[in-house]
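The values are calculated or read from the model by the stated rules, or taken from the named source; none is laboratory data. The model shown is predicted, which means the values in this text are computed figures rather than measured ones. Methodologically, a virtual Cβ is constructed for each residue, glycine included, from the backbone with ideal geometry; neighbour enumeration extends over all protein chains shown. Ligands, DNA and RNA are excluded from the accessible area calculation, which covers all protein heavy atoms including side chains. Shrake-Rupley method; radii C 1.70, N 1.55, O 1.52, S 1.80 Å.
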Amino acid sequence: MTPEPGTLPMRRELVCLEPGAPPRLAVRTRAIPRVAAEQVLVRVQAASVNPIDAKRAGGYGRRLLGLKGAARFPLVLGNDLAGTVAAVGARVSRLAPGRRVFGLVATGRNGGAHASHVVVPQEQLVETRADLDPQALAVLPYSFTTMWLAVRSTGLVAAKAAGVRVLVNGASGALGRLALQVLSGWGSAVTAVCGKGKANDCLAAGAELALERGPATIAALPSEFQVVLNFGSWDDDPALASRLAPDALGHATSVHPLLADFDRLGWLSGALASRREWKAGRSAVARRAPGARYGWTVFKPDREALEALAAGAQERRFSLPIGGCWPFEQAGAAFEHVATGYGGRAVLVP
(Lines give C-alpha, C1' and ligand atoms only; values in the text may rest on other atoms or scores of the structure.)
Protein backbone atom coordinates (compact mmCIF):
# COMPACT_ATOMS: atom_id res chain seq x y z
CA MET A 1 0.00 0.00 0.00
CA THR A 2 1.02 3.64 -0.39
CA PRO A 3 2.46 5.37 2.71
CA GLU A 4 0.77 8.53 3.94
CA PRO A 5 2.08 11.85 2.53
CA GLY A 6 5.11 13.05 4.42
CA THR A 7 6.40 9.57 5.31
CA LEU A 8 8.59 9.21 2.20
CA PRO A 9 11.95 10.91 1.55
CA MET A 10 12.27 13.61 -1.08
CA ARG A 11 13.17 12.59 -4.62
CA ARG A 12 16.48 13.57 -6.19
CA GLU A 13 16.32 13.85 -9.96
CA LEU A 14 18.80 14.55 -12.72
CA VAL A 15 17.35 17.30 -14.90
CA CYS A 16 18.40 18.29 -18.41
CA LEU A 17 17.80 22.03 -18.30
CA GLU A 18 17.84 22.84 -22.01
CA PRO A 19 18.91 21.21 -25.28
CA GLY A 20 22.60 21.39 -25.97
CA ALA A 21 25.83 19.51 -26.56
CA PRO A 22 27.20 18.93 -24.04
CA PRO A 23 23.90 18.91 -22.12
CA ARG A 24 23.24 21.28 -19.24
CA LEU A 25 22.44 19.03 -16.30
CA ALA A 26 21.45 19.75 -12.71
CA VAL A 27 20.40 17.73 -9.67
CA ARG A 28 17.13 18.88 -8.13
CA THR A 29 15.04 17.77 -5.17
CA ARG A 30 11.27 17.68 -5.04
CA ALA A 31 8.40 15.77 -3.50
CA ILE A 32 7.89 12.18 -4.60
CA PRO A 33 4.86 11.80 -6.90
CA ARG A 34 1.74 10.13 -5.52
CA VAL A 35 1.44 6.42 -6.36
CA ALA A 36 -1.76 5.56 -8.24
CA ALA A 37 -3.70 2.32 -7.79
CA GLU A 38 -1.76 0.22 -10.33
CA GLN A 39 1.61 1.89 -9.89
CA VAL A 40 4.78 1.05 -7.99
CA LEU A 41 7.24 3.43 -6.37
CA VAL A 42 10.79 2.20 -6.97
CA ARG A 43 13.81 3.36 -5.00
CA VAL A 44 16.31 3.41 -7.84
CA GLN A 45 19.70 1.80 -7.33
CA ALA A 46 20.88 2.13 -10.93
CA ALA A 47 19.69 3.69 -14.20
CA SER A 48 21.32 3.75 -17.61
CA VAL A 49 22.20 6.43 -20.14
CA ASN A 50 21.33 5.13 -23.60
CA PRO A 51 22.32 6.73 -26.92
CA ILE A 52 18.75 8.01 -27.28
CA ASP A 53 19.17 9.91 -23.98
CA ALA A 54 22.33 11.63 -25.22
CA LYS A 55 20.57 12.57 -28.46
CA ARG A 56 17.42 13.80 -26.71
CA ALA A 57 19.57 15.94 -24.43
CA GLY A 58 20.64 17.77 -27.59
CA GLY A 59 17.05 18.29 -28.74
CA TYR A 60 16.66 15.24 -30.98
CA GLY A 61 13.10 14.07 -31.54
CA ARG A 62 11.43 17.11 -29.97
CA ARG A 63 8.70 17.46 -32.57
CA LEU A 64 7.29 13.92 -32.49
CA LEU A 65 8.12 13.19 -28.85
CA GLY A 66 6.35 16.42 -27.97
CA LEU A 67 3.10 14.65 -28.84
CA LYS A 68 3.76 12.44 -25.81
CA GLY A 69 4.66 15.40 -23.62
CA ALA A 70 8.26 14.16 -23.59
CA ALA A 71 10.09 17.08 -25.19
CA ARG A 72 9.53 20.03 -22.87
CA PHE A 73 12.69 21.21 -21.11
CA PRO A 74 13.71 20.97 -18.35
CA LEU A 75 13.17 17.21 -18.48
CA VAL A 76 14.22 14.01 -16.76
CA LEU A 77 15.61 11.45 -19.19
CA GLY A 78 16.14 7.69 -18.97
CA ASN A 79 14.10 4.56 -19.62
CA ASP A 80 15.95 1.82 -17.70
CA LEU A 81 16.06 1.26 -13.95
CA ALA A 82 16.77 -1.32 -11.27
CA GLY A 83 16.03 -0.97 -7.58
CA THR A 84 13.76 -1.86 -4.69
CA VAL A 85 10.01 -1.44 -4.31
CA ALA A 86 9.35 1.35 -1.81
CA ALA A 87 5.53 1.47 -2.05
CA VAL A 88 2.69 0.04 -4.14
CA GLY A 89 -0.76 1.17 -5.19
CA ALA A 90 -3.97 -0.40 -3.94
CA ARG A 91 -4.46 -2.63 -7.00
CA VAL A 92 -0.88 -3.84 -7.40
CA SER A 93 -0.78 -7.63 -7.20
CA ARG A 94 2.57 -8.63 -8.68
CA LEU A 95 4.93 -6.82 -6.31
CA ALA A 96 5.33 -5.80 -2.66
CA PRO A 97 7.56 -3.35 -0.75
CA GLY A 98 11.09 -4.57 -0.30
CA ARG A 99 11.14 -6.67 -3.48
CA ARG A 100 14.03 -6.22 -5.93
CA VAL A 101 12.88 -5.18 -9.41
CA PHE A 102 14.06 -3.86 -12.76
CA GLY A 103 12.22 -2.57 -15.77
CA LEU A 104 11.20 0.34 -17.94
CA VAL A 105 9.85 3.85 -17.82
CA ALA A 106 7.92 4.80 -20.96
CA THR A 107 8.91 7.92 -22.86
CA GLY A 108 6.22 10.40 -21.83
CA ARG A 109 5.12 13.47 -19.93
CA ASN A 110 5.82 12.00 -16.47
CA GLY A 111 9.58 12.04 -16.86
CA GLY A 112 12.23 9.37 -16.98
CA ALA A 113 14.29 7.03 -14.83
CA HIS A 114 17.14 9.37 -13.88
CA ALA A 115 15.88 9.93 -10.35
CA SER A 116 16.24 8.44 -6.88
CA HIS A 117 12.56 7.40 -6.79
CA VAL A 118 10.39 6.67 -9.83
CA VAL A 119 6.71 5.78 -10.12
CA VAL A 120 6.17 2.99 -12.67
CA PRO A 121 3.13 0.94 -13.77
CA GLN A 122 3.45 -2.56 -12.36
CA GLU A 123 3.31 -4.06 -15.88
CA GLN A 124 6.62 -2.37 -16.69
CA LEU A 125 8.52 -4.03 -13.82
CA VAL A 126 9.66 -7.57 -13.10
CA GLU A 127 10.95 -9.04 -9.87
CA THR A 128 14.54 -10.24 -9.69
CA ARG A 129 16.78 -12.09 -7.27
CA ALA A 130 18.68 -10.16 -4.62
CA ASP A 131 22.02 -11.61 -5.74
CA LEU A 132 21.87 -10.05 -9.22
CA ASP A 133 23.78 -6.80 -9.72
CA PRO A 134 21.35 -3.89 -10.20
CA GLN A 135 23.84 -2.07 -12.42
CA ALA A 136 24.08 -5.07 -14.76
CA LEU A 137 20.28 -5.27 -14.88
CA ALA A 138 19.74 -1.55 -15.42
CA VAL A 139 21.51 -1.50 -18.79
CA LEU A 140 19.27 -4.16 -20.34
CA PRO A 141 15.52 -3.32 -20.57
CA TYR A 142 15.43 -0.53 -23.19
CA SER A 143 17.88 -2.22 -25.56
CA PHE A 144 16.40 -5.69 -25.08
CA THR A 145 12.83 -4.48 -25.62
CA THR A 146 13.74 -2.59 -28.79
CA MET A 147 15.61 -5.62 -30.11
CA TRP A 148 12.71 -7.92 -29.20
CA LEU A 149 10.19 -5.72 -31.00
CA ALA A 150 12.40 -5.72 -34.11
CA VAL A 151 12.77 -9.50 -34.10
CA ARG A 152 9.06 -10.02 -33.52
CA SER A 153 8.13 -7.64 -36.35
CA THR A 154 9.94 -9.88 -38.83
CA GLY A 155 7.72 -12.83 -37.91
CA LEU A 156 10.55 -14.81 -36.30
CA VAL A 157 9.54 -16.66 -33.11
CA ALA A 158 11.48 -18.97 -30.83
CA ALA A 159 9.46 -22.08 -31.72
CA LYS A 160 10.37 -21.77 -35.41
CA ALA A 161 13.79 -20.11 -35.24
CA ALA A 162 16.07 -23.17 -35.33
CA GLY A 163 18.21 -23.09 -38.46
CA VAL A 164 16.79 -19.79 -39.70
CA ARG A 165 19.52 -17.71 -41.37
CA VAL A 166 19.66 -14.25 -39.76
CA LEU A 167 21.85 -11.28 -40.71
CA VAL A 168 22.47 -8.78 -37.89
CA ASN A 169 23.98 -5.41 -38.85
CA GLY A 170 25.41 -3.35 -35.99
CA ALA A 171 26.00 -6.57 -34.11
CA SER A 172 28.58 -5.11 -31.71
CA GLY A 173 26.15 -2.52 -30.34
CA ALA A 174 23.76 -3.16 -27.47
CA LEU A 175 20.80 -4.29 -29.60
CA GLY A 176 23.03 -6.40 -31.79
CA ARG A 177 24.76 -8.16 -28.89
CA LEU A 178 21.44 -8.99 -27.29
CA ALA A 179 20.07 -10.24 -30.60
CA LEU A 180 23.04 -12.60 -30.90
CA GLN A 181 22.46 -13.89 -27.38
CA VAL A 182 18.75 -14.47 -28.00
CA LEU A 183 18.94 -15.89 -31.51
CA SER A 184 21.82 -18.26 -30.81
CA GLY A 185 19.79 -19.60 -27.89
CA TRP A 186 16.92 -20.20 -30.31
CA GLY A 187 19.20 -22.13 -32.65
CA SER A 188 19.28 -19.60 -35.49
CA ALA A 189 22.28 -19.40 -37.82
CA VAL A 190 23.43 -15.81 -37.28
CA THR A 191 25.87 -13.78 -39.37
CA ALA A 192 27.07 -10.63 -37.62
CA VAL A 193 28.35 -7.43 -39.23
CA CYS A 194 30.18 -5.50 -36.53
CA GLY A 195 32.61 -2.71 -35.73
CA LYS A 196 36.37 -2.89 -36.07
CA GLY A 197 37.96 -5.27 -33.60
CA LYS A 198 34.60 -6.65 -32.40
CA ALA A 199 34.35 -9.90 -34.37
CA ASN A 200 35.53 -12.11 -31.51
CA ASP A 201 33.01 -10.49 -29.16
CA CYS A 202 30.22 -11.33 -31.62
CA LEU A 203 31.37 -14.91 -31.97
CA ALA A 204 31.42 -15.22 -28.19
CA ALA A 205 27.86 -13.83 -28.07
CA GLY A 206 26.60 -16.53 -30.42
CA ALA A 207 27.27 -15.56 -34.04
CA GLU A 208 28.30 -18.35 -36.41
CA LEU A 209 30.14 -15.85 -38.61
CA ALA A 210 31.29 -12.33 -37.68
CA LEU A 211 32.60 -9.79 -40.19
CA GLU A 212 34.00 -6.33 -39.53
CA ARG A 213 32.08 -3.60 -41.33
CA GLY A 214 33.82 -2.37 -44.46
CA PRO A 215 32.83 -0.74 -47.78
CA ALA A 216 32.08 -4.07 -49.47
CA THR A 217 31.25 -6.29 -46.50
CA ILE A 218 27.47 -6.42 -46.95
CA ALA A 219 27.58 -6.60 -50.75
CA ALA A 220 29.91 -9.60 -50.55
CA LEU A 221 27.44 -11.65 -48.50
CA PRO A 222 25.21 -14.20 -50.23
CA SER A 223 21.54 -13.39 -50.81
CA GLU A 224 20.34 -16.19 -48.54
CA PHE A 225 19.10 -14.61 -45.32
CA GLN A 226 15.58 -15.22 -44.10
CA VAL A 227 15.69 -12.40 -41.56
CA VAL A 228 17.63 -9.12 -41.60
CA LEU A 229 17.99 -6.91 -38.51
CA ASN A 230 19.54 -3.51 -39.08
CA PHE A 231 20.79 -2.01 -35.81
CA GLY A 232 23.78 -0.32 -37.44
CA SER A 233 23.12 2.39 -40.03
CA TRP A 234 20.16 3.57 -42.07
CA ASP A 235 22.50 4.02 -45.03
CA ASP A 236 23.03 0.24 -45.06
CA ASP A 237 19.34 -0.57 -45.41
CA PRO A 238 19.19 -0.98 -49.22
CA ALA A 239 22.30 -3.19 -49.29
CA LEU A 240 20.94 -5.30 -46.44
CA ALA A 241 17.60 -5.77 -48.22
CA SER A 242 19.48 -7.12 -51.24
CA ARG A 243 20.83 -9.96 -49.07
CA LEU A 244 17.38 -11.41 -48.39
CA ALA A 245 16.48 -14.83 -49.71
CA PRO A 246 13.35 -15.19 -51.87
CA ASP A 247 11.59 -17.01 -49.01
CA ALA A 248 12.62 -14.42 -46.38
CA LEU A 249 10.41 -13.74 -43.39
CA GLY A 250 11.21 -10.10 -42.83
CA HIS A 251 13.53 -7.12 -42.46
CA ALA A 252 13.46 -4.69 -39.51
CA THR A 253 15.47 -1.56 -38.82
CA SER A 254 15.80 0.43 -35.61
CA VAL A 255 17.99 3.14 -37.20
CA HIS A 256 15.36 4.69 -39.45
CA PRO A 257 15.08 8.49 -39.98
CA LEU A 258 11.56 8.98 -38.54
CA LEU A 259 12.35 11.38 -35.67
CA ALA A 260 15.08 13.15 -37.62
CA ASP A 261 12.78 13.75 -40.60
CA PHE A 262 10.23 15.57 -38.46
CA ASP A 263 12.93 17.53 -36.60
CA ARG A 264 14.54 18.65 -39.84
CA LEU A 265 11.57 19.15 -42.14
CA GLY A 266 8.56 19.92 -39.95
CA TRP A 267 5.19 18.21 -39.78
CA LEU A 268 4.08 17.94 -43.41
CA SER A 269 7.42 17.61 -45.17
CA GLY A 270 8.69 15.31 -42.41
CA ALA A 271 5.69 13.03 -42.77
CA LEU A 272 6.07 12.94 -46.57
CA ALA A 273 9.80 12.22 -46.36
CA SER A 274 9.32 9.43 -43.84
CA ARG A 275 6.55 7.88 -45.91
CA ARG A 276 8.70 8.06 -49.04
CA GLU A 277 11.70 6.46 -47.31
CA TRP A 278 9.57 3.73 -45.73
CA LYS A 279 8.02 2.89 -49.10
CA ALA A 280 11.45 2.76 -50.75
CA GLY A 281 12.64 0.35 -48.08
CA ARG A 282 9.51 -1.75 -48.40
CA SER A 283 9.92 -1.90 -52.19
CA ALA A 284 13.56 -2.98 -51.87
CA VAL A 285 12.51 -5.85 -49.60
CA ALA A 286 9.57 -6.83 -51.82
CA ARG A 287 11.81 -7.05 -54.89
CA ARG A 288 13.88 -9.72 -53.16
CA ALA A 289 11.17 -11.45 -51.15
CA PRO A 290 7.58 -10.60 -52.13
CA GLY A 291 6.09 -12.13 -48.98
CA ALA A 292 8.54 -10.66 -46.47
CA ARG A 293 7.62 -8.14 -43.80
CA TYR A 294 9.31 -4.75 -43.53
CA GLY A 295 9.21 -2.52 -40.48
CA TRP A 296 10.71 0.46 -38.66
CA THR A 297 11.08 -0.42 -34.99
CA VAL A 298 9.97 2.18 -32.43
CA PHE A 299 10.54 1.58 -28.73
CA LYS A 300 7.61 1.09 -26.39
CA PRO A 301 7.31 -0.98 -23.19
CA ASP A 302 6.33 -4.56 -23.91
CA ARG A 303 5.42 -7.11 -21.24
CA GLU A 304 6.38 -10.15 -23.32
CA ALA A 305 9.84 -8.71 -23.94
CA LEU A 306 10.29 -7.84 -20.28
CA GLU A 307 9.35 -11.32 -19.13
CA ALA A 308 11.70 -12.92 -21.68
CA LEU A 309 14.47 -10.63 -20.47
CA ALA A 310 13.77 -11.47 -16.83
CA ALA A 311 13.92 -15.19 -17.50
CA GLY A 312 17.23 -14.89 -19.32
CA ALA A 313 18.73 -12.47 -16.82
CA GLN A 314 17.92 -14.81 -13.95
CA GLU A 315 19.94 -17.48 -15.76
CA ARG A 316 22.67 -14.95 -16.64
CA ARG A 317 22.15 -15.57 -20.38
CA PHE A 318 21.77 -11.89 -21.29
CA SER A 319 24.32 -9.21 -20.48
CA LEU A 320 25.98 -6.09 -21.80
CA PRO A 321 29.42 -4.73 -20.89
CA ILE A 322 29.47 -1.71 -18.58
CA GLY A 323 31.89 1.07 -19.44
CA GLY A 324 31.46 3.20 -16.35
CA CYS A 325 29.31 4.16 -13.39
CA TRP A 326 28.73 7.75 -12.26
CA PRO A 327 26.77 9.54 -9.52
CA PHE A 328 24.23 12.16 -10.56
CA GLU A 329 26.70 14.94 -9.74
CA GLN A 330 29.05 13.57 -12.42
CA ALA A 331 26.37 12.69 -14.96
CA GLY A 332 27.97 14.88 -17.61
CA ALA A 333 30.77 12.33 -17.87
CA ALA A 334 28.23 9.55 -18.41
CA PHE A 335 26.55 11.48 -21.23
CA GLU A 336 29.95 12.23 -22.77
CA HIS A 337 30.86 8.54 -22.57
CA VAL A 338 27.75 7.68 -24.58
CA ALA A 339 27.89 10.58 -27.04
CA THR A 340 31.51 9.91 -27.99
CA GLY A 341 30.93 6.18 -28.49
CA TYR A 342 33.22 4.85 -25.79
CA GLY A 343 32.87 1.12 -25.17
CA GLY A 344 30.40 -0.27 -22.64
CA ARG A 345 27.15 1.03 -21.22
CA ALA A 346 26.92 4.07 -18.96
CA VAL A 347 25.26 3.69 -15.54
CA LEU A 348 23.98 6.39 -13.17
CA VAL A 349 23.62 5.76 -9.44
CA PRO A 350 21.33 8.19 -7.60
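Taking segment 210-240 as the search range and keeping residues that are open to solvent by 40 Å² or more (accessible area, probe 1.4 Å) and acidic (D, E), which one is nearest to A286 (Cα to Cα)?
The qualifying residue nearest to A286 (Cα to Cα) is E224.
In segment 170-210, what residues are within 24 Å of T297 (Cα to Cα), in a strand (DSSP E or B) and hydrophobic (A, V, I, L, M, F, W, C)?
Of everything in segment 170-210, those that are within 24 Å of T297 (Cα to Cα), in a strand (DSSP E or B) and hydrophobic (A, V, I, L, M, F, W, C) turn out to be A189, V190, A192, V193, C194, A210.
Quick check on my filter: what residues within segment 128-162 are among the charged types (D, E, K, R) and more than 25 Å from G344 (Cα to Cα)?
First, the residues of segment 128-162 that are among the charged types (D, E, K, R): 129, 131, 133, 152, 160.
Selection gives R152, K160.
Only one of R91, R99, R109 is of a type in the set (K, R), under 22 Å from A311 (Cα atoms), more than 16 Å from the chain's Cα centre (by Cα) and surrounded by fewer than 20 Cβ atoms within 10 Å (Cβ to Cβ). Can you tell me which?
Every option except R99 fails the conditions.
If you scan segment 171-183, which residues turn out to be out of contact with any Asp or Glu (no Cβ under 8 Å at 6 or more places or on another chain) and either open to solvent by 20 Å² or more (accessible area, probe 1.4 Å) or over 22 Å from A239 (Cβ atoms) (or both)? Please lay out each step first, then the result.
Residues of segment 171-183 that are out of contact with any Asp or Glu (no Cβ under 8 Å at 6 or more places or on another chain), as a first pass: 171, 173-176, 178-183.
Listed by number, the residues that qualify are G173, A174, L175, L178, Q181, V182.
Against the definition (modelled with pLDDT of 95 or more, over 24 Å from G173 (Cβ atoms) and touching a Ser or Thr at 6+ places or on another chain (Cβ under 8 Å)), how does A82 come out, yes or no?
No; evaluated as a whole, the condition is false for this residue.
Do the conditions hold for L167, that is, is it part of a helix (DSSP H, G or I) and open to solvent by less than 10 Å² (accessible area, probe 1.4 Å)?
No; evaluated as a whole, the condition is false for this residue.
Which of the residues that make up segment 56-83 are of a type in the set (D, E, K, R) and either surrounded by 17 or more Cβ atoms within 10 Å (Cβ to Cβ) or in contact (Cβ under 8 Å) with a residue 60 or more places away in the chain (or both)?
R56, R62, R63, D80
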